[in-house]
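Undergrad: My structure is below; once you've seen it, I'll send some questions.
Taken together, the values in this text are just the output of simple stated rules run on the coordinates, not laboratory data. Only a predicted model underlies this, so the values are computations on that prediction, with no experimental measurement involved. Note that each Cβ is placed from the backbone with ideal geometry, even for glycine, and that neighbours are counted across all protein chains shown.
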Amino acid sequence: MKKNKLKQILILILMLIVITLAAVNKILPKVDAAECSACGDCVNYCPVKAIEMVGNKAVIDAEKCINCKICISACPQNAIK
Ligand code: SF4
Ligand code: SF4
């Protein structure tokens, strides 16, 4: 009886960990428009063409973004976080 209760609690904890990790992985990079110098590097480096220049600022399309984070290291202004 006690063993079953412990098993249920462990499963619950594991589920919470999985849900938390899934939520964290959904956090996509964002462009700080104030920092963007419109160099276009992120547009060129994005492997799925999820970034375009809109009004001289880079904008990430959340639908296309695969969260690889390449744009974060590609940005010379550290404008993508
Ligand atoms: S995280 Fe990857 S896929 Fe998403 S915008 Fe940046 S480079 Fe493109
Ligand atoms: S790499 Fe950085 S500075 Fe250049 S366009 Fe993209 S966000 Fe703007």
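Undergrad: Given an 8 Å cut-off on Cα distances and at least 6 residues of separation, report the relative contact order of the chain as a percent.
TA: Relative contact order for the chain comes out at 32 percent.
Undergrad: Which value at 222 nm does the chain reach when only helices count, each DSSP H run of 4 or more adding -39,500 (n - 2.57), with the total divided by all residues and rounded to the nearest 500 deg cm²/dmol?
TA: -13000 deg cm²/dmol
Undergrad: Then there is this: Could you pull out every Cys in the chain that lacks a partner Cys with its beta carbon under 4.7 Å away?
TA: C36, C39, C46, C65, C68, C75
Undergrad: Roughly what angle does helix 2-25 make with the longest principal axis of the chain, taking Cα atoms, 0 to 90 degrees, to the nearest 10?
TA: The two axes meet at around 0 degrees.
Undergrad: When the chain is modelled as a GNM with alpha-carbon springs shorter than 10 Å, which of I66, I19, I27 fluctuates the most?
TA: Between I66, I19, I27, it is I19 that shows the largest mean-square fluctuation.
Undergrad: Sort L28, L16 so that the residue with the fewest other Cβ atoms within 10 Å of its own Cβ comes first and the one with the most comes last.
TA: Result, fewest neighbours first: L16, L28.
Undergrad: In the Gaussian network model of the chain, springs joining C-alpha atoms below 10 Å, which of I60, I70, I51 carries the largest mean-square fluctuation?
TA: Of I60, I70, I51, the most mobile in the Gaussian network model is I70.
Undergrad: So what is the diffusion coefficient of the stretch 2-74 in µm² per second by Stokes-Einstein at 37 °C and 0.692 mPa s, using a Kirkwood Rh over Cα pairs?
TA: Rounded, D is 224 µm²/s.
Undergrad: Once you list every other residue whose beta carbon is under 11 Å from the beta carbon of K49, what net charge do they have if Lys and Arg are +1 and Asp and Glu are -1?
TA: Neighbour charge sum, excluding K49 itself: -1.
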